[in-house]
2 protein chains.
Amino acid sequence: MAAFKNIIFQSVLNRIFSNKTSAGLRFNFSRFKSDGAVSVKSLLQDHVVGSNVLVKGWVKSLRKQKENTFMHIGDGSAEQIQVIIPSSLCHEDCCFNSAVVVRGKVVQSPKVNQPIEVKAENLEVVGRLDVECFPFGPRKIYPPEYVRQHIHLRPKTTIYSAILRLSSLITTTLHNTLIQDGFISVSVPILTSNDCEGAGEVFLVRPASEELCREMGNNEKLEESYFNKRVYLTVSGQLHLEAIAGGISKVFTMGPTFRSENSRTRRHLAEFRMLEAEIAFCSDLQPILSTIESLVKQSARSLLEHGKQDLATVGAYYKENLEESLDDLLKKGFSTITYRQALELLLENKNSFNKSPQDGADIGSEHELFLVKHIGGPVFVVDWPAKIKPFYMRTAEDDHSLVSCVDLLVPGVGELCGGSLRENRHSILKKRLEIQSLAETLNWYLDLRRFGGPPTGGFGMGVERLISYLLKIPNVKDIVPFPRTPHHCPM
Amino acid sequence: MAAFKNIIFQSVLNRIFSNKTSAGLRFNFSRFKSDGAVSVKSLLQDHVVGSNVLVKGWVKSLRKQKENTFMHIGDGSAEQIQVIIPSSLCHEDCCFNSAVVVRGKVVQSPKVNQPIEVKAENLEVVGRLDVECFPFGPRKIYPPEYVRQHIHLRPKTTIYSAILRLSSLITTTLHNTLIQDGFISVSVPILTSNDCEGAGEVFLVRPASEELCREMGNNEKLEESYFNKRVYLTVSGQLHLEAIAGGISKVFTMGPTFRSENSRTRRHLAEFRMLEAEIAFCSDLQPILSTIESLVKQSARSLLEHGKQDLATVGAYYKENLEESLDDLLKKGFSTITYRQALELLLENKNSFNKSPQDGADIGSEHELFLVKHIGGPVFVVDWPAKIKPFYMRTAEDDHSLVSCVDLLVPGVGELCGGSLRENRHSILKKRLEIQSLAETLNWYLDLRRFGGPPTGGFGMGVERLISYLLKIPNVKDIVPFPRTPHHCPM
């Protein structure tokens, strides 16, 4: 951090003292001086009573009294600073959620839980608020469905800005945990000419300009002219990630993925983020399970270490004690059961379900939630019937009707992760692809087994679902800033 | 890191000692034990001479002698370990680029520059190589155009795997530098119903299934049925980022963006990554310039600190001394000139160009490269004519024909970044949107100025172009793992 500040400082110095370039030109830099504004967070951390400060932020609350107005200002961190404004400085435009710039002096606060406050000497409203039309009032709590109707203003609310900060903390933790564990971060394409699993509804892409399409190809198939073939939005980066894992043994990506399904549940989006990782030289499920578990737990740990205030805000809104539930999560190991064991459990309790569990079929959402409740926490379900799983999964060693794969089920959400060992035996994979008529389009994927392809395995984790689980936010639409769902893409 | 390892350890312990869940089920965990394999990097770091190790990787080179075969094994980190294999253990399948697992003992190396080596006691080839058909031979250097023809195998090459590792280092540094500077990482949508700048060619998206389209909407306009409107792939997340900056004063995103242009230069892709940042309460260009400069420099610093070996590999391939050029970059401040000054410089030298610079017009690629060469390093060009810039840029204080914006030009690449202050005066922005018939679709964007919108500013940086600049890789196709360009999306 010090090094980082040094760079900026050095660059500012360079600008001030060397306003001649090697070309001998003279330039004017005076307008680029910093105004010395300080963030609310650093003000609270490094306060010096008596110093003059410049604070910029939104009015989070205000309370008018005869001589002074007491105002809380926040700039997007979890913290707020109390500012005392003499009545003579206060004017009409200065209201809840307006954007203000305050010059003043840091003073000791009489209250115990707020060490300092700022006594304003100057107040400027730099962003007025049209109070009549603004959909949110001061000190009011609205249900998420209402807030979602004003999606472009949602980041202004206390709850949603806390969710944004905690989400940022989680994605940063996921990234850095993998980097520290020796993974390389890569980008895999969103535009692809094959759809990973041969399953799931995909979106088709073509240039919007029909003129361009005609110029570049033929009139008949506009959607094929730009790339010479039909191109889709990816449903998973796995196959591409496997190609990269042909040279680098631990890789991951955290990109958007897409489904054009007509699903309208609280857990589905047309566009969502997936953390996908691939591990080469992986011949049993253990490294996959360990990596998943550590990612979930590191996220929980980060939230507890760096997000306490926001956790309290979000928890209060959803009536959950998040600190307690995250502490609990960290205390226990995740359980592991086989599909067979899961099925037995479900069949023993089949009267509890709307839809009866079927041997050899997928496990439904209500069954997933039963399992995590019954077992008492996150559970890995391993070794599923081959016939309901995609072509790339590796046959289990001890039972050829099964594949070595795993679903992680978690409370409230159900399926959070799916992973598997990949079938790396060239002849077996080739046969499977031929049966599914994929051998030609996936010839490149088959090549990975011809040219020094070790056993590999990997997983995909729904990032929004992880956030939903950790923060106990029931609807993923309340996590993504601009959710896309059937019949809904307003901006 | 210690905490991280503890979690995994604890979880393994939990699995071993508590194979009963709260539901009283007994499960079998024995198959999930780690095999104790060690990465090449950690082996070289924490070597204990005399210990038994298990190493997995690809054969990077091998040299057969009468009694022993000397092999270098790499697993995707920059390092390789030398393994000595007695002839009795060596077999035909064990060749360049095959995937192997070696059990052996760590021994002292007789050579000075490699402290240890491994004496193999067992060797297994876990991924054979079809030598006849493999496009790369041992100890051969191929031009990038050739390597690109075998794109799914490219990560197996020494050069490209080094580029992947350095790219991961750069993106991680960009992310963490912003986080440390108080920015929040957010995701903005790829699917959007408006195209940020009203410029640039966009891709159109609809479900691939026509049946689904008909079910969800009408037969006439298949592309509107899923979302009830035409939906595109984003060309920039800026407008959405601005909405988030309405509640959190420093935000960024690093997502894919798309252009359906028919450009076939070494600098253009149909899908590329852009780092976009937005700063609220930003009323001059200084914070934008500082942030950009520090991101570029922090990236250079990280490369020098953590990527020396890979820098040497990539530099040797492209015949560049990367360590020297990065050192140089860190030594000087970036220059700043106005569009007017840039133009004067260009006009003075107009005979050097194929196409003459035009007053009031955009600066062409050859002009950009001239400017950075003439000035001797990265240069910010500020204050451009309003008429050639998009609607959202703020009018300059001192000249109303100009807007407060910046392009960063860098050697070899030209434009790396574009940024601006945003027009936050409601009435001015409204008029502009009305003139461009955007007032209705961008009503939400206008709202940001009605409801406590402070002055904001931000920028977008092409991530592949940054990598191209820092590593002196002339063609961005040699950076992205799976480049998408006109007529090209093979997998």
Zero-based 10 Å bins, Cα pair distances in the range A:370-460, whole percents: 16, 40, 29, 12, 3
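Using the C-alpha gyration tensor of the range B:34-93, what are the square roots of 5 times its eigenvalues, in whole angstrom, with the largest one first?
21, 13, 11
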Taking both sides together, what accessible area is buried at the B/A interface, probe 1.4 Å, expressed in Å² and rounded to the nearest 100? 12200
Do the alpha carbons of any pairs in B:Lys250/B:Lys430; A:Lys119/B:Lys250; A:Lys221/B:Lys221; A:Lys319/A:Lys355; A:Lys477/B:Lys430; B:Lys350/B:Lys373 sit beyond 20 Å of each other, and which pairs? B:Lys250/B:Lys430; A:Lys119/B:Lys250; A:Lys319/A:Lys355; A:Lys477/B:Lys430
Measuring from its Cα centre, the protein assembly as shown shows a charge dipole (+1 at each Lys and Arg Cβ, -1 at each Asp and Glu Cβ) which, in debye to the nearest 20, is 1400
For B:Ser88, inter-copy label distances in nm, listed shortest first [label point 7 Å out on the Cα-Cβ vector]: 9.9
At a threshold of 8 angstrom on Cα-Cα distance, excluding pairs fewer than six apart, so keeping six or more, what relative contact order does chain A reach in percent? 12
Could you list the GluC sites (Glu not before Pro) in the range A:127-198 that lie in coil according to DSSP, counting only those with at most 15 other Cβ atoms within 10 Å of their Cβ? A:Glu132, A:Glu197
The answer for trypsin sites (Lys or Arg not before Pro) in the range A:240-286 that fall in a DSSP coil and have at most 16 neighbouring Cβ atoms within 10 Å is A:Arg264, A:Arg266
Any idea of the accessible area per residue across the range B:140-181, 1.4 Å probe, to the nearest Å²? 34
Charges on Cβ only, +1 for Lys and Arg, -1 for Asp and Glu, centred on the Cα centroid of chain A; of A:Phe380, A:His91, A:Phe334, which one is farthest towards the dipole's positive end? A:His91
The range B:40-127, accessible area per residue, ligands and nucleic acids excluded (1.4 Å, Å²): 47
Looking only at other chains, what is the average number of their beta-carbon atoms within 10 angstrom of each beta-carbon in A:174-185? 5
Between the range B:198-275 and the range A:438-491, what is the C-alpha centre distance in whole Å? 18
Could you report the accessible area of B:Met254 in Å², rounded to 10, computed with a 1.4 Å probe on the protein chains as they sit in the structure? 50
Counting other C-beta atoms within 10 Å, and keeping those with at most 13, which DSSP coil GluC sites (Glu not before Pro) do you find in the range A:358-453? A:Glu397, A:Glu440
Two-decimal Rg to Rh for the protein assembly as shown - Kirkwood Rh, Cα set: 0.96
Percent carbon-and-sulfur accessible area, the range B:40-127, ignoring ligands, DNA and RNA, probe 1.4 Å: 49
List the residues of the range A:235-256 that lose 10 Å² or more of accessible area once all protein chains are present, compared with their chain alone (1.4 Å probe, heavy atoms only, no ligands or nucleic acids). A:His240, A:Ala243, A:Ile244, A:Gly246, A:Gly247, A:Ile248, A:Ser249, A:Pro256
Quick one: how many Å² of B:Thr441 are accessible to a 1.4 Å probe, rounded to 10? 80
About the Cα centre, and with charges only on the beta carbon of Lys, Arg (+1) and Asp, Glu (-1), how big is the dipole of chain A? Nearest 20 debye, please. 1640
Bin width 10 Å, origin at 0, all Cα-Cα pairs of chain A: what percent of pairs per bin? 3, 15, 22, 22, 18, 12, 6, 2, 0
Could you give P(r) for the range B:257-299, binned at 10 Å from zero, as whole percent values over all Cα-Cα pairs? 21, 34, 32, 13
Over the alpha-carbon set of the range A:61-199, work out the extent along each principal axis and list the three values in angstrom, largest first. 69, 38, 25
Rounded to a whole number, the mean other protein chain Cβ count within 10 angstrom for residues of B:57-67 is 1
Can you list the distances in nanometres, one decimal and ascending, from the A:Arg103 label point to the identical position in each other copy, with the point 7 Å along Cα to Cβ? 7.6
Please compute the average number of Cβ atoms from other chains found within 10 Å of each residue's Cβ in peptide A:151-161. 5
What is the magnitude of the charge dipole of the range B:40-127 about its Cα centre, with +1 placed on the Cβ of each Lys and Arg, -1 on the Cβ of each Asp and Glu, and no other charges, expressed in debye to the nearest 20? 200
Across the identical copies, how the A:Lys66 labels are spaced - nm, sorted shortest first, 7 Å along Cα→Cβ: 10.8
Once the Cα atoms of helix A:158-180 and of chain A are each reduced to a long axis, what angle between those two axes, in degrees from 0 to 90 to the nearest 10, is obtained? 50
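The values are calculated or read from the model by the stated rules, or taken from the named source; none is laboratory data. Everything quoted here is computed from the prediction, not taken from an experiment. Ideal geometry is used to build each Cβ from the backbone, glycine not excepted, and the neighbour counts take in all protein chains shown. Surface accessibility is based on the protein's heavy atoms, side chains included, excluding ligands, DNA and RNA. Shrake-Rupley method; radii C 1.70, N 1.55, O 1.52, S 1.80 Å.
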